[in-house]
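First up is the structure itself, then whatever we jot down about it.
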Amino acid sequence: MGRIGVGAMAVVGLVAVAAVAVAGVAVGRRVRSGRRWRRVLGVLRELEEAYETPVARLRQVVDAMAVEMHAGLASEGGSKLKMLLTFVDTLPNGDEKGIYYALDLGGTDFRVLQVQLGGRRSSILPHSVEQQSIPQDLMTSTSEDLFDFIATSLKEFVERKENSSGYSPEKRRELGFTVSFPVKQTSVSSGILMRWTRGFAIHDTVGKDIAESLQLALTRNGLNMRVVVLVNDTVGTLALGHYHDPDTVASVVIGTGTNACYVERTDAIIKCQGLVTTSGFMVVNMEWGSFWSSHLPRTSYDIDLDAESPNPNEQGFEKMISGMYLGEIVRRVILRMSQESDIFSAFSSKLSIPFILRTPLMAAMHEDNSPDLREVDEKWRQMLEVPEVPKKVRKLIVKVCDVVTRRAARLAAAGIVGILKKTGRDGGSITGSRSRGDARMRRTVVAIEGSLYTSYTMFREYLHEALREILGENIAQHLVLEVTEDGSGLGAALLAASHSSTPLPPNTVDSVQMP
């Protein structure tokens with residue numbers, strides 16, 4: 001019995017030792033896990049600090065934007081902002097009458113529109129629209145092949161729409177042409193195609209007038225239609241906004257990409273001296289995606305994203321605020337966190353795939369209001385093919401989305417106020433020639449389009465919050481951001497109407513060339 005008792009005690013002792021060892025291992029794991037999680041939270045704190053945009057910094061961005069606008073108007077290449085002349089000197093005001101057409105060419109599809117205007121401003125514009133896919137082979141064929149296809153489709157559209165009233169081949173029609181490719185504008189109705197993007201590679205069009213290429217195709221195919229204006233989507237948005245509200249002085253597009261344009265005094269466009277317009281103003285296409293300033297809060301995530309992009313050292317502002325890049329920034333932050341700690345319990349190589357996290361998906365997770373963040377869990381598991389996403393990690397993901405989105409929206413707001421400052425509508429005056437009280441009373445409307453603003457509630461709220469902070473409540477109440485729909489289509493047709501007239505005399509805006 002004694003030997004048995006001793007043996008039993010030995011076994012019990014061994015079990016106790018093993019239990020202590022197991023407990024020690026478990027404690028060690030918890031300690032190491034806690035340390036790794038603290039490193040993850042450290043990454044989050046670094047991000048929050050680096051992306052902070054206090055109002056003082058935002059006002060520095062405002063000042064920098066206004067300064068760069070001045071520099072871009074003074075000389076070609078004098079600023080990161082291109083400040084391109086559009087030669088648009090007349091905006092629609094509601095008096096336009098007649099039937100006008102628009103062609104929106106911006107990718108693998110194009111749209112054709114017919115708009116009916118009755119001479120009175122209307123909140124609803126009667127219009128018809130059709131979308132047509134471009135065959136893959138035409139995207140790499142010849143200029144004549146591409147534009148003949150477009151002209152044929154446009155002619156068929158016109159015939160269908162005018163069939164009830166009696167289609168007449170002799171009837172003169174006027175068209176607004178929206179192009180989303182890089183173009184150097186040479187007049188209100190002409191511009192040189194700088195390069196193709198979005199899968200197009202038609203070499204005999206580059207360096208030539210893209211509006212003329214379309215005009216020749218219309219003539220070849222027997223459609224009596226004149227290209228009256230050549231614009232981009234941002235200018236079209238401004239035109240549509242001004243049609244609905246005459247206080248509209250600028251437009252901003254914040255979607256996959258971003259850009260802005262505004263109404264400038266002709267005498268302020270120093271780089272094109274001798275420019276004459278009957279209205280005394282011209283719409284300037286800022287190409288504000290290329291804006292840059294040392295006051296922009298940039299981190300290693302932004303630097304690496306830029307370096308690995310197809311256009312390094314370009315479009316710096318766009319890479320911080322547009323829908324193309326916000327999801328990718330979030331992915332890079334979460335990847336860094338996962339390298340500090342295995343936060344998903346199982347490694348996923350998919351997290352290393354650039355742009356796997358699209359901004360619409362990011363927005364849906366950011367705005368998940370369910371108690372256990374089910375949307376975040378479901379979408380992240382599907383994307384990365386991981387078995388589970390712990391709740392604390394779901395909260396972490398939402399927080400990262402919030403930090404990235406807040407910076408983007410507040411910087412976009414600073415850009416808008418920069419335009420207001422340049423035009424003396426920020427409640428003060430750059431030149432100091434007006435008192436704050438005088439400028440404060442001016443109602444100012446900015447037309448705005450793009451899914452990042454219209455569909456992403458948190459982005460929109462952060463942008464509005466920043467506008468109030470920068471301008472102050474008294475000034476901000478006189479600023480209206482008016483959402484428009486389809487500036488690239490309806491806006492182009494409206495511009496065709498506002499520029500529809502007899503041939504222009506010499507020395508007017510359409511005949512002035514860039515120096």
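The values are calculated or read from the model by the stated rules, or taken from the named source; none is laboratory data. Please read all numbers here as calculations on a predicted model, not as lab measurements. Glycine also receives a Cβ, built like all others from the backbone with ideal geometry; neighbour counts cover every protein chain displayed. These area figures cover heavy atoms from the full protein model, side chains too; ligands, DNA and RNA do not enter into them. Shrake-Rupley method; radii C 1.70, N 1.55, O 1.52, S 1.80 Å.
Tabulated data for the structure shown
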{"read-out": "Peptide ranges 260-266, 444-450, 75-81 listed from the most packed, as the mean C-beta count within 10 angstrom indicates", "value": "444-450, 260-266, 75-81"}
{"read-out": "In range of the label at residue 136: residues from segment 192-207 whose backbone nitrogen is under 14 Å from the point 7 Å along Cα→Cβ", "value": "199-200"}
{"read-out": "Whole-percent carbon and sulfur share, accessible surface of the chain, 1.4 Å", "value": "52 percent"}
{"read-out": "Rounded Å value of the spacing that divides the Cα centres of segment 281-335 and segment 34-112", "value": "10 Å"}
{"read-out": "Relative contact order %, the chain, counting alpha carbon pairs below 8 Å whose residues are six or more apart", "value": "22 percent"}
{"read-out": "Hz values of 3J(HN,Hα) by residue in segment 189-199 - Karplus curve (6.51, -1.76, 1.60), Gly and Pro given as x", "value": "10, 8, x, 8, 5, 7, 6, 8, 9, 6, x"}
{"read-out": "Expected 222 nm ellipticity per residue - DSSP helices of 4 or more, -39500 (n - 2.57), all of the chain, to 500", "value": "-14500 deg cm²/dmol"}
{"read-out": "16 Å tail of the calculated P(r), segment 111-151, as % of Cα pairs", "value": "54 percent"}
{"read-out": "Unit charges at the beta carbon, dipole of the chain: most positive-side option, 136, 105, 453", "value": "453"}
{"read-out": "Cα Rg, Dmax, segment 188-317, angstrom units", "value": "18.3, 56"}
{"read-out": "Peptide ranges 154-161, 371-378 listed from the most packed, as the mean C-beta count within 10 angstrom indicates", "value": "154-161, 371-378"}
{"read-out": "DSSP-assigned coil residues among trypsin sites (Lys or Arg not before Pro) in segment 175-248, each with at most 14 further Cβ atoms within 10 Å", "value": "195, 198, 208"}
{"read-out": "Rounded accessible area per residue of the chain, 1.4 Å, Å²", "value": "45 Å²"}
{"read-out": "Phi-based couplings in Hz for segment 118-135 (Karplus 6.51, -1.76, 1.60; Gly and Pro marked x)", "value": "x, x, 9, 4, 10, 6, 10, 9, x, 7, 10, 9, 9, 10, 9, 7, 9, x"}
{"read-out": "With all protein chains modelled, accessible area of residue 294 [1.4 Å, Å²]", "value": "100 Å²"}
{"read-out": "Binned Cα-Cα distances of the chain, short to long, each 10 Å bin given as a whole percent", "value": "4, 17, 24, 22, 15, 8, 3, 2, 2, 1, 1, 0, 0"}
{"read-out": "By accessible area with a 1.4 Å probe, ligands and nucleic acids excluded, highest first: order of 192, 397", "value": "192, 397"}
{"read-out": "Virtual spin-label span in nm between residue 57 and residue 385, 7 Å along Cα→Cβ", "value": "3.9 nm"}
{"read-out": "19 Å tail of the calculated P(r), segment 70-203, as % of Cα pairs", "value": "62 percent"}
{"read-out": "Sequence-distant residues sharing a close amide H with residue 483 (under 5 Å, placed H)", "value": "448"}
{"read-out": "Distant-in-sequence amide H partners of residue 186 (H built 1.01 Å from N, under 5 Å)", "value": "191, 192"}
{"read-out": "Backbone N under 17 Å from the residue 473 label point (7 Å along Cα→Cβ), restricted to segment 386-421", "value": "none"}
{"read-out": "For segment 74-81, Karplus couplings with θ = phi - 60° (6.51, -1.76, 1.60), whole Hz, Gly/Pro x", "value": "7, 7, 5, x, x, 8, 5, 7"}
{"read-out": "Extension gain, residue 465 back to residue 485 (0.36 nm per residue minus Cα-Cα distance, nm)", "value": "4.9 nm"}
